[in-house]
Amino acid sequence: MNLEDLQEGSGFRDRISSVDEQGSRKWVYASKVSGRFYKYRNYSSLVYLILFFSIPFIWVHNQPLVLFNILEGKFILFSKIFWPNDFFIFAVSMITFIIFIALFTVIYGRLFCGWACPQTIFMEMVFRKIEWMIEGSPGQQKLLQTKSWTSEWVIKKGLKHFVFLAFSFLIANTFLAYIIGVDELYKIIREPISQNIGLLSGLIVFTLLFYGVFAFVRDIICTTVCPYGRLQSVLFDKDTMQISYDYRRGEPRERIHKNQQRTQGDCVDCLKCVQVCPTGIDIRNGVQMECVGCTACIDACDEVMDKIGFNRGLIRYASENEISQKTKFKFNNRMKAYTGLLFILVLGMIVLIATRNTIDAYVQRVPGQLYQEVSESQLTNLYTIKFINKSRDTQLLDLKVSNQEGMIQLIGNKNIKINPESVAEYEFFVGLPKNQVIKRSNEIKLNIFQGTELLHTLKTNFLGPFK
Ligand code: SF4
Ligand code: SF4
């Protein structure tokens with residue numbers, strides 16, 4: 001982006017920042033930034049990256065902490081296995097997630113994009129830094145572009161893309177580890193390639209995908225592709241906290257002149273805020289869809305304000321109302337209510353996940369079967385029961401009739417034993433004294449015990465003769 005582009009500042013309503021008047025891509029050469037927010041983002045990104053790369057290797061109670069095996073329909077969260085029949089938890093999680101995102105965005109704007117989105121963190125805190133390290137400042141990068149196929153160009157570009165590819169490979173490995181688990185991933189290293197063609201293909205595809213995103217597509221993901229970014233405009237209101245330029249203080253902008261009394265606003269039109277912006281926008285044009293809330297412009301402007309002796313905060317976290325009414329940031333009642341609701345939602349999800357059953361059971365009377373009269377005093381019905389063991393341990397269970405003097409007789413088995421992570425089906429008779437079968441259809445309850453612990457109580461019907 002050249003100085004004319006930066007000063008133009010008018011096309012922002014007609015097109016996105018990374019496209020010029022002819023519709024061609026405008027490459028964003030973001031300048032290096034330093035300052036308090038960048039320092040905090042460095043720390044938080046470091047924690048984020050450590051967590052991202054280490055979580056697939058963390059195992060608790062013989063289970064990975066997290067696994068999203070969409071290929072086999074098996075999911076593990078906090079070392080608890082979720083099966084497709086736990087779909088309702090996923091449905092509730094998705095609804096909670098959407099409500100969470102909506103409420104969070106209404107209050108805090110694009111805080112997630114700037115501080116927690118993997119795209120921003122990898123792009124700005126990993127790939128951008130590699131680029132600065134190898135190709136130098138934006139000025140040096142632009143100069144390098146003019147030297148195509150010189151030895152300097154080949155070495156620097158070659159090295160940069162090699163490191164980008166290596167990092168993309170690392171990310172792809174970790175990403176795959178979240179999906180298939182580290183055990184499966186180790187197979188690619190241990191076993192002959194011919195036995196793991198599928199895995200290897202997945203690894204190559206993901207590596208090229210990440211490389212393409214971070215080496216070429218970059219800010220277009222945020223400004224064009226990401227649906228969350230598109231959603232912002234309908235979620236923001238005048239009280240939403242966002243990165244804002246204080247136009248009341250800054251305008252009319254005027255360059256600074258030595259030894260001259262300043263009569264205009266505090267913005268000295270230095271364009272530092274634009275030069276550091278990774279999506280190439282001018283925040284002074286107001287809130288824009290392309291702003292990912294990275295805080296770079298805050299740090300850049302604060303540095304300028306410090307140098308010229310003005311107060312910091314010409315660009316800061318503030319809502320539209322705070323800027324227009326010149327009020328200070330206030331954690332108002334609406335924000336408190338929404339934040340409270342967010343906590344309740346998250347707490348509800350945690351309770352739902354923590355209290356989820358390890359064993360599920362479904363019982364039904366064998367269809368088409370009537371009652372049997374096995375003696376003068378007893379009737380029986382035939383049932384099937386299906387158990388799903390979601391744990392990695394073998395489960396020994398016991399089945400009892402709960403509310404009647406009934407007996408249970410398993411067909412062909414003496415014990416109920418369910419292997420780890422498997423489904424087992426049993427058939428059994430329930431026998432009831434005739435005098436307790438008072439209607440054609442009688443509700444009975446079956447208790448499932450593990451030792452002395454009652455795990456489930458299932459309801460079903462017991463058929464008797466017409467009375
Ligand atoms: S306007 Fe500021 S906060 Fe928004 S993307 Fe650009 S530099 Fe980051
Ligand atoms: S960095 Fe601050 S002073 Fe410089 S142009 Fe941006 S808003 Fe104005």
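The values are calculated or read from the model by the stated rules, or taken from the named source; none is laboratory data. Quantities reported herein were computed from a predicted structural model and do not represent experimental measurements. Here the Cβ is made from the backbone with ideal geometry for all residues, glycine too, and neighbour counts use every protein chain on show.
Observations
- Within this structure, Ile95 fails the test of being assigned to a strand (DSSP E or B), β-branched (Val, Ile, Thr) and on the phi < 0 side of the Ramachandran plot.
- Test: residue in segment 426-437 that is out of contact with any Gly (no Cβ under 7 Å at 6 or more places or on another chain), at pLDDT below 90 and not in a helix (DSSP H, G or I): no
- Yes/no for Ile408 being part of a loop (DSSP other than H, G, I, E, B), free of Cβ contacts under 8 Å to residues at least 60 places away in the same chain and of a type in the set (Val, Ile, Thr): no
- Given (1) away from ligand 2 (no atom under 15 Å from the Cβ); (2) farther than 19 Å from Arg249 by Cβ; (3) assigned to a loop (DSSP other than H, G, I, E, B); (4) in contact (Cβ under 8 Å) with a residue 24 or more places away in the chain, number of the condition Phe329 does not satisfy: (2)
- For segment 29-40, a residue qualifies if it is touching an Asp or Glu at 6+ places or on another chain (Cβ under 8 Å) and surrounded by fewer than 19 Cβ atoms within 10 Å (Cβ to Cβ), and the qualifying residues are Ser34, Arg36.
- Applying the criterion of being more than 24 Å from Asp237 (Cβ to Cβ) and more than 10 Å from ligand 2 (Cβ to nearest atom) to the residues of segment 279-306, the residue that is surrounded by the fewest Cβ atoms within 10 Å (Cβ to Cβ) is Asp306.
- Single residue of segment 451-467 satisfying the filter (part of a loop (DSSP other than H, G, I, E, B) and not aromatic (Phe, Trp, Tyr)) that is surrounded by the most Cβ atoms within 10 Å (Cβ to Cβ): Gly464
- Qualifying residues in segment 307-325 (those that are assigned to a strand (DSSP E or B) and in contact with a helix residue (DSSP H, G or I) (Cβ under 9 Å, 6 or more places away or on another chain)) - the one nearest to ligand 2 (Cβ to nearest atom): Ile315
- Selected residue [touching a residue at least 24 places away in the same chain (Cβ under 8 Å) and in a loop (DSSP other than H, G, I, E, B)] from Asn381, Asn357: Asn357
- Yes/no for Ile179 being away from ligand 1 (no atom under 16 Å from the Cβ), hydrophobic (A, V, I, L, M, F, W, C) and surrounded by fewer than 17 Cβ atoms within 10 Å (Cβ to Cβ): no
- Checking Val234 against (1) farther than 30 Å from Ile323 by Cα; (2) surrounded by fewer than 18 Cβ atoms within 10 Å (Cβ to Cβ); (3) of a type in the set (Val, Ile, Thr), the condition it does not meet: (1)
- Flag for Gly109 being crowded, with 19+ Cβ neighbours inside 10 Å and either closer than 30 Å to Arg316 by Cβ or within 16 Å of ligand 2 (Cβ to nearest atom) (or both): yes
- Counting only helices (runs of 4 or more DSSP H) that sit wholly inside segment 171-278, those with at least 1 residues that are more than 16 Å from ligand 2 (Cβ to nearest atom) and in contact (Cβ under 8 Å) with a residue 40 or more places away in the chain are 182-190, 197-212, 227-235.
- Number of residues in segment 275-314 that are among the β-branched types (Val, Ile, Thr), more than 7 Å from ligand 1 (Cβ to nearest atom) and modelled with pLDDT under 95 equals 2.
- Some residue of segment 258-272 being of a type in the set (A, V, I, L, M), within 16 Å of ligand 1 (Cβ to nearest atom) and within 21 Å of Arg218 (Cα to Cα): no
- Filter result for the condition that a residue is of a type outside the set (S, T, N, Q) and farther than 24 Å from Leu67 by Cα, over Val217, Val182: Val217
- For segment 183-204, taking the residues that are β-branched (Val, Ile, Thr) and at pLDDT below 90, the one that is surrounded by the most Cβ atoms within 10 Å (Cβ to Cβ) is identified as Ile188.
- Applying a threshold of 7 Å to beta carbon distances and a minimum spacing of six or more residues, or different chains, the list of pairs starting in segment 100-122 at a residue that is under 18 Å from Ser45 (Cβ atoms) and within 16 Å of ligand 1 (Cβ to nearest atom) and ending at one that is among the polar types (S, T, N, Q) and modelled with pLDDT under 95 reads Arg110/Gln232; Arg110/Gln242.
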